[in-house]
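Peer 1: Please read through the structure below; I'll follow up with questions.
The values are calculated or read from the model by the stated rules, or taken from the named source; none is laboratory data. Please read all numbers here as calculations on a predicted model, not as lab measurements. Virtual Cβ from ideal backbone geometry, glycine too; neighbours counted across all protein chains shown.
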Amino acid sequence: MKAATIISKTVFILFCDLEINNMESFKNKVAVITGAASGIGEAIAKEGCSKGMKLVLCDIDNKKLEIVSRRLKEKNNDVIAVCSDVSKKLI
């Protein structure tokens, strides 16, 4: 099994578990996802969109971030992409 499939299934299970445990619906909720251009961050972004969430995607790789953002927007998802390095202090 590919790593992306395992990650996607793990993220799906996480979202299902949160819904089963009486969490509010994710529809129209806003999430900021760091590392969204690949791996777990991208999988979480895809799952969040499938739940109707509004997302702010962050990553240091602007090229990959724009590709992921464009793919999600093509499916009519409400997504904003911000190229940023969240590991750096502003001051």
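Peer 1: So which residues in segment 63-77 are at pLDDT 95 or above and surrounded by 14 or more Cβ atoms within 10 Å (Cβ to Cβ), if there are any at all?
Peer 2: Correct list: Lys64, Leu65, Glu66, Ile67, Val68, Ser69, Arg71, Leu72, Lys73.
Peer 1: If you don't mind, there's one more thing I want to ask. I'd like the full set of residues that are in contact with a strand residue (DSSP E or B) (Cβ under 7 Å, 6 or more places away or on another chain) and either crowded, with 22+ Cβ neighbours inside 10 Å or assigned to a loop (DSSP other than H, G, I, E, B) (or both), limited to segment 39-48.
Peer 2: Residues satisfying the conditions are Ile44, Ala45, Gly48.
Peer 1: Here is a follow-up. Looking at Val68, Val82, Val86 in this structure, which one is touching a residue at least 40 places away in the same chain (Cβ under 8 Å) and aliphatic (A, V, I, L, M)?
Peer 2: The unique qualifying residue is Val86.
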